[in-house]
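Scroll down for the structure; my scribbles are underneath it.
The values are calculated or read from the model by the stated rules, or taken from the named source; none is laboratory data. Note that the structure is a prediction, hence the values are computed from the model and not measured. Cβ placement follows ideal geometry from the backbone for every residue including glycine, while neighbour counts extend to all protein chains displayed. Side chains included, ligands, DNA and RNA excluded: accessible areas come from the protein's heavy atoms. Shrake-Rupley method; radii C 1.70, N 1.55, O 1.52, S 1.80 Å.
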Amino acid sequence: MIETSYEFEYSEKPTVLMEYLSNPENLVKYFKPAKKMEKIGPDEWILYLHRFKTVKSKLTRVITNREIEFIITSLEWPKFKMALIIYILPTVNMTKIRIKFIYDGPIENTSRKEMEEAYKTIAISLNADIKKYCEEKKCYTEEKDSTKKSDNMSFKGLKIYEMKTVLRKEIKKSELDKILDQAAIDSIDKDIIVIIENGNGIIRFHFSNGDLVEKEGDLDKLGDNLKVIIKST
């Protein structure tokens, strides 16, 4: 088994880096063996890797506070397992990114070289790639619009855009109760805002001292595939 890690610093905001790096489809271009991806669930993809042959593998994503983990497991021979863990670490003037790569399987030396090449490409290209991404996605415009909407909300004077993001992921509607139960538990000594959206609308829940103190929106109007953002004081 091998384990390597690298660190970079960027001037970009943590929220923008988190959004860009949490999408594995933005990362595969840095990793030469990755040839094709197929999304099969909110946090699952089929990934085809090519070395001396093309190997079908499963990629699973786990997002927590300032941390993104991609777990890749081969579904056919040769058998291997990889983990790519990305830490988003805000500092005073910059955002530090720490990337850890863990590999357990054959041809370790080849895997180490492939990851080192990926690190070098990320270090050189990431700033320009994110700027291009934000121009296309209008990151900053959306952020300003979101700020205006949040500032007008009456969640007991909380400015949502100033709260830290502790979770950002896609879920099925059937998973929502578990998310809300955990938010209530986490709010024992703080305020937690849960924002849920899809194309049909946005729902906001405000938890404080273990209780739901405010809700905005109609849950029945939401479809099955949801985006969840959790903010904390």
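Are any residues in the range 83-104 open to solvent by less than 20 Å² (accessible area, probe 1.4 Å) and over 17 Å from Val28 (Cα atoms), and if so, which ones? Write out each step before concluding.
Within the range 83-104, the subset open to solvent by less than 20 Å² (accessible area, probe 1.4 Å) is 83, 85-86, 88, 95, 97, 99, 101, 103.
If the condition is that a residue be open to solvent by less than 20 Å² (accessible area, probe 1.4 Å) and over 17 Å from Val28 (Cα atoms), then Ile88, Thr95, Ile97 are the ones that fit.
Considering every residue within the range 68-82, establish whether at least one is under 15 Å from the mean Cα position of the chain (by Cα) and open to solvent by 60 Å² or more (accessible area, probe 1.4 Å). First the steps, then the outcome.
Of the residues in the range 68-82, the ones under 15 Å from the mean Cα position of the chain (by Cα) are 68-71.
Imposing the further condition that a residue be open to solvent by 60 Å² or more (accessible area, probe 1.4 Å) reduces the set to none.
There is no residue in the range 68-82 that is under 15 Å from the mean Cα position of the chain (by Cα) and open to solvent by 60 Å² or more (accessible area, probe 1.4 Å).
Identify, please: which residue in the range 83-99 is over 16 Å from the mean Cα position of the chain (by Cα) and aliphatic (A, V, I, L, M) and is, among those, farthest from Glu114 (Cα to Cα)?
Per the stated criteria, the residue is Val92.
Can you pull out the residues in the range 31-56 that are surrounded by 16 or more Cβ atoms within 10 Å (Cβ to Cβ), farther than 24 Å from Lys120 by Cα and touching a Leu at 6+ places or on another chain (Cβ under 7 Å)?
Listed by number, the residues that qualify are Trp45, Val55.
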